[in-house]
Amino acid sequence: MIKLIVFDLDNVIMNGEAIDEIGKIANVKDEIAEITDKAMKGELDFETSIKERAKLLEGVSVDDIVELRNNIPLTDGAEETVKTLKDAGYDVIIISGSFDIIADPLKDKLGIDEIFVNSLTEEDGKLTGEVTGDLVSGTKLQVLNKYIEDKDIELADCVAIGDGANDISIIESTGLGIAFNGKPAVKEIADVVVDDDNLTAVLDPIKKAADADKKEEFVLADTLEGVKQQKIEKEEEISKIADEREHYNRVAKEQRKIRDELNASLKENLNKAIEYRDERNKINKEVEAEKKLRNAANKELRNLEWSSGKKDKVKIENEIKKIDSIIETRVLDIKKENQLVKNANDLRKQLMDIHEDDKVKAQAEELKKQSEEHHANVVELSEKAQEAHEQMLNYFRKTDEIRAAADEAHKNFIEARKSASAKHEEFKSVLSEIHVINKRLGTSRPKRRKSNKNQPAPKRNLEEKEKAENIFDKFKHGKKLSTEELLLLQKYDIN
């Protein structure tokens, strides 16, 4: 049965992100918007994101923020939505990572029952860059659990409406979770997805959920025999529902275990992938170092060869080749041909007179050897780097596969848990009908028992009733009841 509606503030009740708007005053709007976007998508944890954004606001005037908040519009239909829900008898609260300086005036303006937000610390009328509050490091679910702790409200009685990653904890845990213009990660786990500019669009799914909770009043049979038959049927029904609820609880437990094991494996594979990536990068640095040494040796070798006379030898050899080509390919008169032959012979004599220095030749050989060694190292290290790269890719592929399987297990876990909760609600409904039957049959009151010699009957009844109350407390948290325990609850009319 729906009793409490929980709204996010930014981009849900209010048409805008408060911290982004404050960022305009400090001229850091783009920096803050970038961090906000990562947080909303779930790419950055909320505590880190809120602290980083708060730091960027250091020095902003509180008076400027007060003036700003009056200009941030409410989402279309926000006032009508809250009023409709309040008129229907629901409690309405806001749980948001936003700030009291922005949110507090809305409590009276909209008739909100309670607002839970963070606080930007200030000193001498200016922000210090620090932020405090239960929603800095805590989750919205923790805040909600604390709020309903002393009230006649369970999570199944709550509706949560939000759009960002920090709303996931309450959207997936409450009886009805609504993603209002939500990010993909939020839409994936929400019971209902609403993409609309007007907040009144959330009223329809809330009404449908409330209508589904309403059942026709249980009507007893006209005769005593008929009532007895109803009891038999209801006890069979509640036994079946209990088995189904246990089945879903078992499935949820199994899927949670699978998910947790996969997430642990995911972490291991990711660490391995990172290890191989780091190894590859380290080897690539060694490859670059060997390349530099090889190239330096080659450069020094070229300079040494040219300085040792090789430059002159190459030049003369090229001139001889040129002359020989002319003699072979052209028709020349004998005088000109003889002159070219003589020139070529003279050049050959010059070539024979050029002698390379033995010391320089030895240095050249040593440099050539060094170059070859460095090149061999480049080839060997490159192969090792490629192996590490392939291993990295392999582990990253495994990581993606494991992540997909873990996401599927989490989805199955959520579905099974919601199914178990639904069966639990059915169980409570049938149990209340059994109470009605027992009252009609006169079996709801404890029967008198003979007193025990060692223990007076009133004391035994007290202890038995206390035991029944403990059983019911465990039952509310999903414990499967045995027939004996169920009868004990019926005996003391505990519901």
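In table form, for the structure just shown:
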read-out: Qualifying residue in segment 125-135 (condition: at pLDDT 90 or above, of a type in the set (A, V, I, L, M), more than 30 Å from residue 155 (Cα to Cα) and out of contact with any Cys (no Cβ under 9 Å at 6 or more places or on another chain)); value: yes
read-out: Helices (runs of 4 or more DSSP H) completely within segment 45-128 that count 3 or more residues being in contact with a Pro (Cβ under 6 Å, 6 or more places away or on another chain) and within 26 Å of residue 148 (Cβ to Cβ); value: none
read-out: Members of segment 357-388 found to be of a type in the set (A, V, I, L, M), surrounded by 13 or more Cβ atoms within 10 Å (Cβ to Cβ) and within 30 Å of residue 313 (Cβ to Cβ), listed by number; value: 360, 364, 367
read-out: Any pair with Cβ under 9 angstrom, 6 or more apart, that starts in segment 293-314 at a residue that is under 15 Å from residue 375 (Cβ atoms) and ends at one that is modelled with pLDDT under 85 and not small (Gly, Ala, Ser); value: 300/363; 301/363
read-out: Qualifying positions in segment 93-113 - open to solvent by 40 Å² or more (accessible area, probe 1.4 Å) and within 27 Å of residue 61 (Cα to Cα); value: 100, 104, 105, 107, 108, 109
read-out: Close pairs from segment 179-197: first over 20 Å from residue 158 (Cβ atoms), partner acidic (Asp, Glu), Cβ under 7 Å, at least 6 apart; value: 181/163; 181/195; 183/163; 197/76
read-out: Pairs with Cβ under 6 Å, 6+ apart, first in segment 55-66 and over 17 Å from residue 20 (Cβ atoms), second open to solvent by less than 70 Å² (accessible area, probe 1.4 Å); value: 62/125
read-out: Matching residues in segment 1-33 - criterion: being outside any loop (DSSP other than H, G, I, E, B), more than 16 Å from residue 127 (Cα to Cα) and touching a Ser or Thr at 6+ places or on another chain (Cβ under 6 Å); value: 10
read-out: Filter result for residue 132 (open to solvent by 60 Å² or more (accessible area, probe 1.4 Å) and touching a strand residue (DSSP E or B) at 6+ places or on another chain (Cβ under 9 Å)); value: yes
read-out: Candidate set from segment 327-356 (those that are hydrophobic (A, V, I, L, M, F, W, C) and open to solvent by 100 Å² or more (accessible area, probe 1.4 Å)); member that is modelled with the lowest pLDDT; value: 352
read-out: Test: residue in segment 153-160 that is of a type outside the set (Asp, Glu), open to solvent by 20 Å² or more (accessible area, probe 1.4 Å), part of a helix (DSSP H, G or I) and farther than 20 Å from residue 113 by Cα; value: no
read-out: Residue match in segment 68-75 (condition: under 30 Å from residue 155 (Cβ atoms) and in contact (Cβ under 8 Å) with a residue 60 or more places away in the chain); value: yes
read-out: Yes/no for residue 421 being surrounded by 14 or more Cβ atoms within 10 Å (Cβ to Cβ), among the hydroxyl-bearing types (Ser, Thr, Tyr) and either modelled with pLDDT of 65 or more or assigned to a helix (DSSP H, G or I) (or both); value: yes
read-out: Candidates 408, 433 - the one that is assigned to a helix (DSSP H, G or I), closer than 30 Å to residue 1 by Cα and at pLDDT 90 or above; value: 408
read-out: Residue within segment 119-126 that is closer than 22 Å to residue 201 by Cβ and open to solvent by 60 Å² or more (accessible area, probe 1.4 Å) present; value: no
read-out: Leading residue by the ranking (surrounded by the fewest Cβ atoms within 10 Å (Cβ to Cβ)) among those in segment 163-181 that are out of contact with any strand residue (DSSP E or B) (no Cβ under 7 Å at 6 or more places or on another chain) and within 21 Å of residue 208 (Cα to Cα); value: 181
read-out: Residue list for segment 116-148, filter: under 26 Å from the mean Cα position of the chain (by Cα), of a type in the set (Val, Ile, Thr) and within 21 Å of residue 2 (Cβ to Cβ); value: 143
read-out: Any hit, segment 177-199, residues being among the aromatic types (Phe, Trp, Tyr) and within 23 Å of residue 143 (Cβ to Cβ); value: yes
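So that you can scan it fast, the table gives a plain yes or no per residue for (1) buried (at least 21 other Cβ atoms within 10 Å of the Cβ); (2) in contact (Cβ under 8 Å) with a residue 24 or more places away in the chain; (3) within 19 Å of residue 173 (Cβ to Cβ); (4) not hydrophobic (A, V, I, L, M, F, W, C):
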residue: 5; (1), (2), (3), (4): yes, yes, yes, no
residue: 14; (1), (2), (3), (4): yes, yes, no, no
residue: 29; (1), (2), (3), (4): no, no, no, yes
residue: 32; (1), (2), (3), (4): yes, yes, no, no
residue: 37; (1), (2), (3), (4): no, no, no, yes
residue: 45; (1), (2), (3), (4): no, no, yes, yes
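The values are calculated or read from the model by the stated rules, or taken from the named source; none is laboratory data. Here the structure is a predicted model, which is why all the values come from computation and not from measurement. Cβ sites come from the backbone with ideal geometry, for glycine too, and all protein chains shown count toward neighbours. Just the protein is used for accessible areas: all its heavy atoms, side chains included, with ligands, DNA and RNA removed. Shrake-Rupley method; radii C 1.70, N 1.55, O 1.52, S 1.80 Å.
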